[in-house]
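First up is the structure itself, then whatever we jot down about it.
Any read-out appearing in this document is the output of simple, stated calculations on the displayed coordinates, not a laboratory observation. Computed from a prediction, not measured in an experiment: that's the story for all the values here. Methodologically, a virtual Cβ is constructed for each residue, glycine included, from the backbone with ideal geometry; neighbour enumeration extends over all protein chains shown.
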Amino acid sequence: MSTPVTKDLLDVHLDSFKQQMEALASRIDERDQHYARLQEERDKCTVERDRAFDAKVAHIEALVGQSIAASDRAAVSAERAASLKSTLWVTSATIVLSILGIVIAAYFATQQSNLSVVQTTIAAFQAGQQVSSSALPPTGHAH
């Protein structure tokens, strides 16, 4: 039949239940502490990973800045090169036109010189004809 419930029996059961509860609370406390340590380690890893990521981002931003500066310098150099190229073409055209002008001037100077030589030769020839005709006696009968 059933055993009568006594105070001693209840105390034993209560002590047993209390010990079980304390053991359970201790295990829960250990698990909480273990979980807290894991969370701290994870947080440390996350912070370190974030720092490494921030360093990489800063490095990439520096590279982007350098690339932008290099492209700006390249654009300025290209503009200078284009300016230099146009200056070169203008200079070349000026030289060609100058040489062409010198050739044309030399041609006309040579023509002028040739014309002067021809005029001088004709004038000398005509002067010689006039001198020789005045030096000859008239062609008539003089007896």
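Assorted remarks:
- The charge dipole of the range 47-143, taken about its Cα centre with unit charges on the Cβ of Lys, Arg, Asp and Glu (plus for the first two, minus for the last two), comes to roughly 240 debye.
- Volume in Å³ per residue [convex hull over Cα atoms, computed for the range 1-54]: 64 Å³
- Counting only alpha carbon atoms, the long axis of helix 7-135 and the longest principal axis of the chain meet at about 0°.
- Extension gain (nm, one decimal) between Lys56 and Ile68, 0.36 nm per residue minus Cα-Cα: 2.5 nm
- Cα-only Debye scattering, the chain: base-10 log of I(q)/I(0) at q = 0.12, 0.17 Å⁻¹: -0.94, -1.11
- Environment charge of Val64, counting only residues whose C-beta is closer than 13 Å and scoring Lys/Arg +1, Asp/Glu -1: -1
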